[in-house]
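Beneath this line is the structure, given in structure tokens, with notes to follow.
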Amino acid sequence: MHVAVVGSGYVGLVAGACLADLGHEVILVDNDPHKLKALKNGQTPIHENFLPELLSRHRGHRLNFSDDLHEAVRASSAIFIAVGTPPTDRGDADLSYVESVAREISSAISEYKIVVEKSTVPVYTSEWVRRIILRNGADPECFDVASNPEFLREGTAVTDFLYPDRIVVGCDTDRAAQVLRKIYEPLTSGSYYVQAGAIPQPDRTSIPAPIIVTTTKSAELIKHASNAFLAMKISFINAVATVCESVGADVNQVCHGIGTDNRIGPRFLNPGIGYGGSCFPKDVMAFRSVARECGYDFRLLDEVMRINEDQRDRFLRKVRSALWTLRGKRLGVLGLAFKGGTDDIRESPAILIVQALLQEGCKITAYDPAAMERTQEVMSSNLKYANSAYEAAAGSDALLILTEWEEFANLDLDRLHGDLKYPIIIDGRNLYDPEVMAASGFTYYSVGRAASHPDGVPTGALKNGNGVKKA
Ligand code: UDX
């Protein structure tokens, strides 16, 4: 099928590349000339597994880039809107980009097409998109508006798209549903998975992908409700972690105990320094705002956000309690991205913690496998960067783990012990076993678990008298 994807951000670029891999002819439209030039020249603007392969496989063949929205709409049966919906000062989603695309699409509609919302938008957006297209002159018989929310996670975006738990399609006419069913047919029939060159299947996924057809409004709500629920799950376990710390229980054991209940499930129950990224913070706020507009005071979501912020403050208090005063202290920081496997630092709790510590006068050397360049663009020059975890640790008063990169969970503990000035690790992502850390000579703080100390001595770093470890 001929498909246009408007917006080459995270969702648009991944969706465009994956739709081309399903066999469709895709035009990816963007009005940013720099982005288009980079894409045409073979660059991959985001750090995402399998995306470079897909782009080089389809660029110039089934995947083309253009700034001509009118022509792309004219040539396509389905137009996916994947432009940004950033938060306004009031916390709701700014839909002006969606509106301007809807306006432009209108004049290019001369035969039947579906206009599909792919960006996360509040319920009722589809009605507005329809109204705007009509207002600008399109024939009501020539188009339908549908919602096809995207559930991809950064870092695993390509496999999330191609091996989804489900495909949600919100349509109010059979005609529109048929078009979307056809677009996703390679995934729902399983034909994609047997083709040569299919992106390999990740663990814990089942094929073929089921498709769920709903009304447009239900599909819009499914997206907001999913993200809000997942954020709530994280805040819930972070609150439980706080109780664990107060009573001396181990949150990992609690997670295992509750996560094995099939009704709850083990995923998204990792406590830490709170959720970040371009979706959860924005979407929880936007959903809160949508509910208010619809006359429901969704206060549960306020609490989800409050616990999330508090989690960062609690971590900062932990750093203070481990080091006493902070001014002039040297800290090694592992992780700047909002989660492992990505170079994205939007709403990263790691960055917010680093900023707070810099303000308190700490001297920080940070290392992240992918996000240092992006951090350099937005952070003050006070922050120093290292080329490895060990270099970040070298000579530091303590090491902080702020992002759940796999490489941070597999460090050479003897080497780290030798590199640090004091063997103190404050882990915001629970990557290590407290007993193993104590046995390796570290004073180790984590989330929702008791601090552990070498030989069980609570002030482990002081055991040699002056707090400096033996050479
Ligand atoms: C999320 C949704 O998962 C995805 O379905 C949606 O399309 C976009 O938003 P993403 O933002 O890429 O995806 O990241 P995700 O893996 O969901 O993590 C979000 C944040 O929650 C990260 O900061 C992560 O570190 C944190 N997190 C996640 C936890 O603190 N604990 C967990 O158990 C899981």
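For this structure, a couple of remarks:
- For Asn270, the stated conditions do not hold, so it cannot be described as within 22 Å of the chain's Cα centre (by Cα), open to solvent by less than 20 Å² (accessible area, probe 1.4 Å) and within 11 Å of the ligand (Cβ to nearest atom).
- Candidates His61, His34, His47: the one that is more than 30 Å from Gly340 (Cα to Cα), in the same structural domain as Tyr163 (by TED's automatic domain parsing) and open to solvent by 60 Å² or more (accessible area, probe 1.4 Å) is His61.
- For segment 391-414, the criterion of being within 13 Å of the ligand (Cβ to nearest atom), buried (at least 24 other Cβ atoms within 10 Å of the Cβ), modelled with pLDDT under 95 and in a loop (DSSP other than H, G, I, E, B) is satisfied by no residue at all.
- Remark: Leu352 matches the filter, which requires a residue to be open to solvent by 10 Å² or more (accessible area, probe 1.4 Å), touching a residue at least 40 places away in the same chain (Cβ under 8 Å) and of a type outside the set (D, E, K, R).
- Close pairs (6 angstrom Cβ cut-off, 6 or more residues apart or separate chains): at negative phi and without any contact (Cβ under 8 Å) to a residue 60 or more places away in the chain in segment 112-139, open to solvent by 70 Å² or more (accessible area, probe 1.4 Å) and not acidic (Asp, Glu) anywhere: Ile132/Arg103; Asn136/Arg103
- When Glu150, Glu104, Glu154 are checked against the criterion of being in the same structural domain as Val6 (by TED's automatic domain parsing) and assigned to a helix (DSSP H, G or I), Glu104 stands alone in meeting it.
- Residue in segment 202-225 that is over 18 Å from the mean Cα position of the chain (by Cα), more than 30 Å from Arg292 (Cβ to Cβ), open to solvent by 50 Å² or more (accessible area, probe 1.4 Å) and within 16 Å of the ligand (Cβ to nearest atom) present: yes
- Scanning segment 357-371 for residues that are open to solvent by less than 30 Å² (accessible area, probe 1.4 Å) and in contact with a helix residue (DSSP H, G or I) (Cβ under 8 Å, 6 or more places away or on another chain) yields Leu357, Ile364, Thr365, Ala366, Tyr367, Asp368.
- The residues in segment 343-364 that are under 14 Å from the mean Cα position of the chain (by Cα) and either over 22 Å from Pro87 (Cα atoms) or away from the ligand (no atom under 11 Å from the Cβ) (or both) can be counted, and the count is 1.
- When each of Ala286, Ala249, Ala291 is tested for being more than 13 Å from the ligand (Cβ to nearest atom) and assigned to a helix (DSSP H, G or I), the lone residue that passes is Ala291.
- Per the conditions (1) without any contact (Cβ under 8 Å) to a residue 40 or more places away in the chain; (2) part of a strand (DSSP E or B); (3) within 16 Å of the ligand (Cβ to nearest atom), the sole criterion not satisfied by Val333 is (1).
- At least 3 residues being in contact (Cβ under 8 Å) with a residue 60 or more places away in the chain is the threshold, and among the helices (runs of 4 or more DSSP H) wholly inside segment 1-72 those reaching it are 10-21, 51-58.
- Restricting segment 294-318 to residues that are under 24 Å from Val123 (Cα atoms) and more than 21 Å from the chain's Cα centre (by Cα), the residue that is farthest from the ligand (Cβ to nearest atom): Gly295
- Some residue of segment 338-347 being surrounded by 20 or more Cβ atoms within 10 Å (Cβ to Cβ), within 22 Å of Val240 (Cα to Cα) and either acidic (Asp, Glu) or modelled with pLDDT of 95 or more (or both): yes
- Segment 372-387 - residue that is modelled with pLDDT under 95 and in a loop (DSSP other than H, G, I, E, B) and, of those, least open to solvent (accessible area, probe 1.4 Å): Met379
- Residue ID - nearest to Ser278 (Cα to Cα), chosen from residues in segment 1-31 that are touching an Asp or Glu at 6+ places or on another chain (Cβ under 9 Å) and open to solvent by 50 Å² or more (accessible area, probe 1.4 Å): Asn31
- Scan of segment 142-183 for residues that are open to solvent by 20 Å² or more (accessible area, probe 1.4 Å) and of a type in the set (A, V, I, L, M), ordered by number: Leu152, Val179
- Residue check, Lys233 surrounded by fewer than 19 Cβ atoms within 10 Å (Cβ to Cβ) and either more than 13 Å from the ligand (Cβ to nearest atom) or basic (Lys, Arg) (or both): yes
- Any pair with Cβ under 8 angstrom, 6 or more apart, that starts in segment 425-450 at a residue that is buried (at least 24 other Cβ atoms within 10 Å of the Cβ) and ends at one that is among the polar types (S, T, N, Q) and at pLDDT below 95: Thr443/Thr459
- Pro186 being crowded, with 21+ Cβ neighbours inside 10 Å, at pLDDT 95 or above and within 16 Å of the ligand (Cβ to nearest atom): no
- Failed item in (1) buried (at least 22 other Cβ atoms within 10 Å of the Cβ); (2) more than 13 Å from Ile234 (Cβ to Cβ), with Asn262 passing the rest: (1)
The values are calculated or read from the model by the stated rules, or taken from the named source; none is laboratory data. Given the structure is predicted, the values throughout are model-derived calculations rather than measurements. Positions of Cβ are generated from backbone atoms using ideal geometry, with glycine treated the same way; all protein chains shown enter the neighbour counts. Just so you know, the surface numbers come from the protein's heavy atoms only, side chains and all, with ligands and any DNA or RNA stripped out. Shrake-Rupley method; radii C 1.70, N 1.55, O 1.52, S 1.80 Å.
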